[in-house]
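A quick write-up on the structure given underneath.
The values are calculated or read from the model by the stated rules, or taken from the named source; none is laboratory data. Everything quoted here is computed from the prediction, not taken from an experiment. In this analysis, Cβ positions are derived from the backbone assuming ideal geometry, glycine residues included, and neighbour counts consider all displayed protein chains. Note: areas computed on protein heavy atoms with side chains; ligands, DNA, RNA excluded. Shrake-Rupley method; radii C 1.70, N 1.55, O 1.52, S 1.80 Å.
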Amino acid sequence: MNRTIAILALISASGLAFAQTGGAAPQTPPQGQAQTQPATGATAGQAPAGQAATPAPAPVGKRQPQAKTQEEFKAYQDAAAKPDPATMEQSADAFAKQFPESELRAPLYQTVMLQYQNANNAEKVISSGRKSIELDPDNAVALVTVASTIAVKTRETDIDKEERLAEVKKDAQRAIELMDSGKGVPANYTPDQAGQYKSTILAMAYGALGQAEFVNNNYAAAEQALRKSTSFTNIQADPITWFQLSLSLDRQQKYADAQQAAEKCIQVAQGHPVAKYCEQERDHAKQAAANPPANKPASTSGPQTITPGPTTK
């Protein structure tokens, strides 16, 4: 999805906590959040003189992964800094073999996944994302990225369509559960970061569910999911989702609504390749609204799905 990579890369890269031999290193705060310092005359974990020590409240949400040694952290950094996704994937495999118990294996494969997404290599997005999910079944970023990618690459004629769409629904529903419970939002995020994170994950999850229903010709269910996907106002609107919603409405012969969704797609596309298809769909829906076909399945001018390309915004 057009809006996601920059947000997810920023959010997923922030806040990793690393423990070193001989003591714990301070956790890097997310961008825009100041590091909390102990009060004057106190050290971390202690109260100022004359005050009773009170335990710090447990952070709410998902604890960030930790490196157990400086060597492990350095190896992680080296692997994540590789210049291309193929080399990064090889380094991630080597890292996982060298540190088979490391908590950083899942976020490293997540980084590989996002790099492959930037390179528009869908099959590698799926395979590297699955590795991340296998290591951390509650990795919301990997769950929605894999679900979204499988959804847009699945066709009604695929022999393994049912298996692929079942994976889409399983991953997307798990991501929704994690966001609704709050368990999937990293614990160190500011309220604004947490809100953007939740909205982005939920928008992607519902978008994947909508696409899965569309492939199964369940257009009413597709509409319901896609409307949820487009309902979040605190994140960048995704033109592909609006296009898919317009198609789902068109297939139900809701031509006026389809035209409105296509207009919204054009409005937010801003040079995205999907804009031309949205223009075609708008014109088709407008014409069909003026001259409704008699008991004929709705047709569309553009393709059924649009596979997102590399994100440049």
Please indicate, with yes or no, whether at least one residue in region 112-120 is open to solvent by 10 Å² or more (accessible area, probe 1.4 Å), modelled with pLDDT under 95 and part of a loop (DSSP other than H, G, I, E, B). yes
Check region 249-269 and report whether any residue there is part of a helix (DSSP H, G or I), charged (D, E, K, R), surrounded by fewer than 17 Cβ atoms within 10 Å (Cβ to Cβ) and modelled with pLDDT of 90 or more. no
Test Ala53 against the stated conditions and say whether it is surrounded by 21 or more Cβ atoms within 10 Å (Cβ to Cβ), among the hydrophobic types (A, V, I, L, M, F, W, C) and modelled with pLDDT under 95. no
What number goes with the only condition from (1) modelled with pLDDT under 95; (2) surrounded by fewer than 22 Cβ atoms within 10 Å (Cβ to Cβ); (3) in a helix (DSSP H, G or I); (4) not basic (Lys, Arg) that Glu123 does not pass? (1)
Checked region 139-180 for anything open to solvent by 40 Å² or more (accessible area, probe 1.4 Å) and either under 17 Å from the mean Cα position of the chain (by Cα) or within 30 Å of Gly195 (Cβ to Cβ) (or both); matches are Lys153, Glu167, Lys169, Lys170, Gln173, Arg174, Glu177, Asp180
Pull out all pairs, ordered by first then second residue, where Cβ-Cβ is under 6 Å, the residues are six or more apart or on different chains, the first lies in region 80-107 and is at positive phi, and the second is assigned to a helix (DSSP H, G or I). none
Mind checking which residues of region 222-236 are open to solvent by 40 Å² or more (accessible area, probe 1.4 Å) and either of a type in the set (Ser, Thr, Tyr) or free of Cβ contacts under 8 Å to residues at least 24 places away in the same chain (or both)? Gln224, Arg227, Ser231, Thr233
All but one of (1) in contact (Cβ under 8 Å) with a residue 12 or more places away in the chain; (2) out of contact with any strand residue (DSSP E or B) (no Cβ under 8 Å at 6 or more places or on another chain); (3) closer than 28 Å to Ala225 by Cα hold for Asp138; state the number of the condition that does not hold. (2)
